[in-house]
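The values are calculated or read from the model by the stated rules, or taken from the named source; none is laboratory data. Given the structure is predicted, the values throughout are model-derived calculations rather than measurements. Cβ coordinates were reconstructed from backbone atoms using ideal geometry, including for glycine residues, and neighbour counts include every protein chain displayed.
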Amino acid sequence: MRREGPVIFAALAGLAVVICRFFSTQALKAVKDELDQWYLICTAFMVLVGLINLTRVHLKKVSQKKEGWGYSVVLLAGMYWFVLFGLMRGSLGDPQYAWMFNTFPAPLGATMFALLAFYIASASYRSFRVRTAEATVLLVSAVLIMLGSVPVGKLIWSQLPGIRDWMLSNPNTAGLRGIQLGACVGGMATALRILVGLERGHLGGDV
Amino acid sequence: MSFWEKAQNIDRRVPYTLLIVLIAYILIRPIGLAVEINAITQAAYNNLDKVPAGSIVWLSADYGASSMTELLPAQKAVMRHAFGKGLRVIAGGMWDEGGAMTDYAWQDVRKDFPEKKYGVDFVNVGYKPGGKVLLERIVADAHQALQGIDFYGKSFAELPLMSEFKTFKDAKLIFEFTSGTPGEQDYMKMVTDPLKIPFSAAATAVSVPGIMPFVQSGQMQGLLQGMSGSAQYEVLVKKPGPAVAGMDAQSVAHLLMVVFILIGNIGYLSTRGKKPQSQA
């Protein structure tokens with residue numbers, strides 16, 4: 001039962017959602033509403049799981065004085081300060097909490113993303129080489145898209161923005177549509193395998 | 001090492017330094033390159049423009065501080081457009097920082113529209129967990145799904161606008177600001193395709209290729225593509241802002257990357273098949 005129980009529960013819950021999607025009765029609607037509520041509660045709980053896991057990992061790092069343990073102290077202090085302050089004072093509706101958010105996570109998050117520009121500049125310089133026919137196509141596409149996306153592209157060649165739009169609307173769309181169809185078919189196959197209990201990776205451990 | 005061998009292996013600190021110096025210079029002394037409007041951005045503008053005055057539109061801020069540079073200007077421009085047309089705006093989000101991003105936009109846009117009142121013309125319901133399940137539940141019962149309180153902790157009972165919004169069917173248009181998952185595909189699956197609600201979006205530049213199939217199929221009417229799209233929308237609402245200012249810097253950055261790519265490839269082609277000078 002230890003092995004079969006979770007599999008049966010997952011299968012029943014999944015089947016219930018699928019059936020509720022295709023048939024509409026009061027009883028089925030009540031079941032769906034209840035499952036949705038459980039989903040929302042579990043989603044919120046996942047934040048707690050993440051908090052516990054981060055605490056466990058970084059406390060271990062601090063206790064063992066591993067390389068970079070000072071950053072772990074900063075992370076734990078900042079994380080719990082935000083959590084406790086938010087629980088006591090409320091979230092972004094509180095002016096002090098809003099100040100903390102505007103001063104620390106918001107600019108730091110934007111900075112982290114901005115750093116990508118430098119990595120992309122270096123990576124594109126090193127990787128876009130005309131070694132093969134495919135690499136040449138990739139290089140030419142990348143250059144056309146990069147220049148066509150910015151105002152200076154039109155100054156270099158008036159057709160560049162149009163070429164960029166054509167590339168995004170045609171070869172890109174065709175390729176991605178194929179990928180998305182394949183991903184959907186793969187997703188359906190995986191879902192069916194989970195429903196009939198053939199796929200058990202989501203249960204973890206040695207179930 | 002010959003010059004062309006060196007050209008293939010430029011120290012990464014050189015492009016890093018040039019990038020930061022040029023971008024900083026251009027931001028301080030902009031060139032003022034003209035921003036052209038493309039058809040897909042125009043389609044998004046037209047989609048919002050034809051919504052009748054007094055209608056409710058739903059804005060979904062599904063991005064965080066990391067995508068703020070690209071999408072916050074778009075959200076401000078769209079809110080300006082909506083308020084200028086006399087539309088009433090309710091903003092929510094499936095991302096945890098979405099409420100804060102909407103608050104940033106509101107605090108800036110309200111200065112240009114002092115007659116707009118919170119609770120009457122605009123409500124920020126903030127982030128609510130659940131992703132696509134949240135959307136499904138808003139379709140059924142918005143107040144129950146959104147837990148009856150807004151981003152600032154006010155009850156919906158205190159906000160007259162919310163008495164007219166019971167479900168997504170009460171929104172005449174949905175405009176999403178998306179940078180990943182959950183995002184536009186959830187809206188299309190759960191809301192806009194089943195209920196036939198007009199739908200436009202602003203997306204980060206890296207997300208644009210993946211969203212283009214939905215623009216082409218007509219499931220999404222218009223798309224603001226990265227900071228370029230935000231700049232175009234700022235021009236359309238006649239309020240150039242940070243996105244327009246950033247396009248000069250983005251132009252220089254892209255040009256610099258292309259120059260380095262060309263240098264690297266000229267070096268590669270010049271030395272292909274030849275023994276390195278150090279081995280000669």
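Points to keep in mind about this one:
- Candidates are the residues of region A:92-107 that are buried (at least 16 other Cβ atoms within 10 Å of the Cβ) and closer than 25 Å to A:His58 by Cα; the one that is nearest to the other protein chains (Cβ to nearest Cβ) is A:Ala106.
- Complete set of residues in region A:108-122 that are facing another protein chain (nearest Cβ under 7 Å) and under 23 Å from B:Glu97 (Cα atoms): A:Gly109, A:Ala110, A:Met112, A:Phe113, A:Ala117
- Number of the exception - A:Lys65 against (1) exposed (fewer than 11 other Cβ atoms within 10 Å of the Cβ); (2) within 29 Å of A:His202 (Cβ to Cβ); (3) free of Cβ contacts under 8 Å to residues at least 40 places away in the same chain: (2)
- Counting the residues of region B:37-56 that are surrounded by fewer than 15 Cβ atoms within 10 Å (Cβ to Cβ) and within 14 Å of another protein chain (Cβ to nearest Cβ) gives 2.
- Residue within region B:196-204 that is surrounded by fewer than 17 Cβ atoms within 10 Å (Cβ to Cβ) and over 22 Å from B:Gly84 (Cβ atoms) present: yes
- Qualifying residue in region B:131-143 (condition: away from chain A (no Cβ under 12 Å), touching a residue at least 24 places away in the same chain (Cβ under 8 Å) and touching a Pro at 6+ places or on another chain (Cβ under 7 Å)): no
- Yes/no for A:Arg89 being facing chain B (nearest Cβ under 9 Å) and surrounded by fewer than 16 Cβ atoms within 10 Å (Cβ to Cβ): no
- Residues of region A:127-140 that are part of a helix (DSSP H, G or I) and loosely packed, with under 15 Cβ neighbours inside 10 Å: A:Ser127, A:Ala133, A:Glu134, A:Ala135, A:Thr136, A:Val137, A:Val140.
- Residue check, B:Ala82 in contact with a Ser or Thr (Cβ under 9 Å, 6 or more places away or on another chain), over 19 Å from A:Ile120 (Cβ atoms) and more than 11 Å from chain A (Cβ to nearest Cβ): no
- Only one of the listed residues (B:Gly126, B:Gly99, B:Gly148, B:Gly180) is modelled with pLDDT under 95, over 30 Å from A:Ala110 (Cα atoms) and touching a strand residue (DSSP E or B) at 6+ places or on another chain (Cβ under 9 Å). That residue is B:Gly148.
- 3 or more residues at pLDDT below 90: qualifying helices (runs of 4 or more DSSP H) within region A:146-206: A:173-195
- Only one entry in A:Gln37, A:Gln26 is without any contact (Cβ under 8 Å) to a residue 40 or more places away in the chain and within 21 Å of B:Leu146 (Cβ to Cβ), namely A:Gln37.
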